[in-house]
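Sharing a structure, written as structure tokens. Questions coming.
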Amino acid sequence: MSTSSEADILNQVKTVHRRVALWYYLAVVYVWIVVQAGFLVLLVPILADNYDGLDADLPVTTQRLVMASQWMAGQRPGQSMPGWMLAVPAALIIVTIAGVLLRRLTILLALVPIVAVMALIGELFLLLAPLYQIPDSLAP
């Protein structure tokens, strides 16, 4: 049988655990946002340059990814500042506010690393698929 002091200690440990778990998952999301922005700003333009010499049209999703990359890197005509300067801080603020307001749903944040890896693999597929004519083989 536990005493009230043991129950208080257990409740304090649970509270600290919830806070640590929340900030751990938020830190994982922060790193993912920075990696994603770096991917769009640094890697996608290099891979997109490979398509300049091809005579084939890129799939629409790949074109949109390249356009998003150009916006993030500040390479769109008439763009006064790189998009990452707006997108990264906005994403960090939104994720922090959502995490603090929805701290009881920290278990959902456990899915973030899985989603992050899947997103990066999907983006690489979109960029590399046209090189291997994969979209042509997937066409009905």
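The values are calculated or read from the model by the stated rules, or taken from the named source; none is laboratory data. Just so it is clear, the structure is predicted and the values come from calculations on it, not from any experiment. Glycine also receives a Cβ, built like all others from the backbone with ideal geometry; neighbour counts cover every protein chain displayed.
Might you check whether a residue that is at pLDDT below 80, under 19 Å from ILE97 (Cβ atoms) and either more than 27 Å from the chain's Cα centre (by Cα) or surrounded by 12 or more Cβ atoms within 10 Å (Cβ to Cβ) (or both) occurs anywhere in region 2-15?
no
Still on this structure, please answer the following. If you take the residues of region 43-82 that are in contact with a Ser or Thr (Cβ under 9 Å, 6 or more places away or on another chain) and without any contact (Cβ under 8 Å) to a residue 24 or more places away in the chain, which of them is farthest from LEU120 (Cα to Cα)?
GLY74
Helices (runs of 4 or more DSSP H) wholly in region 40-140 with at least 2 residues that are polar (S, T, N, Q) and modelled with pLDDT of 80 or more - which ones?
Helices (runs of 4 or more DSSP H) meeting the threshold: 60-73.
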